[in-house]
Amino acid sequence: MSELKLGTKCVQAGYRPGNGEPRQIPIIQSTTFKYESSAEMGKLFDLEASGYFYTRLQNPTNDYVAAKICALEGGTAAMLTSSGQAANFYAIFNIANAGDHVVASNSIYGGTFNLFNVTMRKMGIDFTFVSPDCTEEELEAAFKPNTKAVFGETIANPALTVLDIEKFAKAAHAHGVPLVVDNTFPTPVNCRPFEWGADIVTHSTTKYMDGHAAGVGGCIVDSGKFDWTAYAEKFPGLCTPDESYHGITYTEKFGIEGAYITKATSQLMRDLGSIQSPQNAFLLNMGLESLHVRMKRHCENGQAVAEFLQAHPKVLYVTYCGLPGDKYHEVAKKYLPNGSCGVVSFGVVGGRKGAEQFMAALKLGAIETHVADARTCCLHPASATHRQLTDQQLVECGVRPDMIRYSCGLEDSADLIADIAQALDSIEA
Ligand SMILES: *Cc1c(COP(=O)(O)O)cnc(C)c1O
């Protein structure tokens, strides 16, 4: 059969039941797996044979779901993690040690920014943050001899900047390091970063992939294209013997297609243990089965809401790359031709108070620190995640006091627009 289309992969990839086996993926609710002999189990511990022995490292339910996401992204290997935070941590920590350096976009998700700028710095890893809009020269200047990776988000949460993946991939490859892209917001339905030169993709599956606010989770996918052995001196963890596995060398034993994920599983998951629960992986798979259908609707609602807001006299600005005139409209046409996501941000008249009045009047949009749910949710960062900041500090970090982040769910757009219209009317300014 020729290469299956994306929607078919959403429904069927990753798990193929045999004769008389369950149609739905089984939830293997077991911490451990039984063997006939110690010798057989020993082979697993030496990575001489593949198989399951303890769910902290691997579980079949998780592997079915990881295989589906791997197929959707067009990668060669993938693993699930307990959260998006764990995915981004492992993705970098798998190739960067104390004394190493990473170049990252400065518009990334706040949680990832803290992970890098605070926690991973404490571990001795250095970061240089660059604007996603930087010139090639500015990007070039960010690299150091000890740089091990470049990191960005396809569509940043909540800044909604769009990454020029080819520009970042070119710079990374010129320095012999991989580009890691967090593809949470568009999902592989709307963008497959490997097609544009990215080497590793990460996800917070908590967002659109799950899509129903049911489970926190993450995923890492390897394109299998980055040749670690060509820069072996930069990546000793992949290209020299691992003494904790009797001296196997990951690139020799698993090839460039398998080395990165095998190392992340057998070292990081073994030692740090951020596995996704099989129960959550099952729920995630239910979300994935309708991802292609849902993304289309999220994007249609995002576009309709953005267009309505743009034409409304009480709205000062709208950020949505689907709008002609948006700063990222042109770059989005290239990387996101079928749509971006359902998250729109905008500012209302009346400053912080106007935004508070708007939020209080909404009936369908629920106030939550979440996005990408089937149910519309929204957040006023100045009174929630960023409430400790003054108006001046807010402006400095790019979050205006009047800014609202509105994540369009799967409802009928006419109802969302009517709800927004009455909430805008309620602003007294
Ligand atoms: C939410 C999010 C994360 C963190 O994911 P969790 O599943 O909440 O740990 C990372 N990156 C992006 C782009 C996100 O939106």
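The values are calculated or read from the model by the stated rules, or taken from the named source; none is laboratory data. Owing to the predicted nature of the structure, the values given are computational and were not obtained by experimental measurement. Positions of Cβ are generated from backbone atoms using ideal geometry, with glycine treated the same way; all protein chains shown enter the neighbour counts. Heads up: the accessible areas ignore ligands, DNA and RNA and are worked out on the full protein's heavy atoms, side chains in. Shrake-Rupley method; radii C 1.70, N 1.55, O 1.52, S 1.80 Å.
Observations on the structure shown:
- Taking the Cα centre of the stretch 276-349 as reference, the dipole from Cβ charges on Lys and Arg (+1) and Asp and Glu (-1) amounts to some 40 debye.
- The stretch 1-66 - convex hull of the alpha-carbon atoms, volume per residue in Å³: 140 Å³
- Residue among Arg352, Arg16, Arg121 with the largest mean-square fluctuation in a Gaussian network model of the chain, springs linking Cα atoms under 10 Å: Arg16
- Gyration tensor (alpha-carbon) shape descriptor, the stretch 82-124, a/c threshold 1.5: oblate
- Taking only the C-alpha atoms of the stretch 206-264, Rg followed by Dmax gives 15.3, 44 Å.
- Solvent-accessible area per residue in the chain equals 41 Å², computed with a 1.4 angstrom probe and all protein chains kept.
- Accessible carbon and sulfur surface of the chain relative to its total accessible area, %, 1.4 Å: 54 percent
- Spherically averaged projected area in nm², based on the convex hull that wraps the Cα atoms of the stretch 19-152: 11.9 nm²
- Centroid-to-centroid, using Cα positions, the stretch 24-91 and the stretch 330-387 are 36 Å apart.
- Volume per residue for the chain equals 149 cubic angstrom (convex hull of Cα atoms).
- Cα point-scatterer Debye curve for the stretch 357-429, base-10 log of I(q)/I(0) at q = 0.16, 0.22 Å⁻¹: -0.59, -0.97
- Neighbours of Glu368 by Cβ distance under 14 Å: Lys/Arg scored +1, Asp/Glu scored -1, total +2.
- Among 35-45, 64-74, 290-300, 319-329, the peptide with the highest mean count of other Cβ atoms within 10 Å heads the list, and the full ranking is 64-74, 290-300, 319-329, 35-45.
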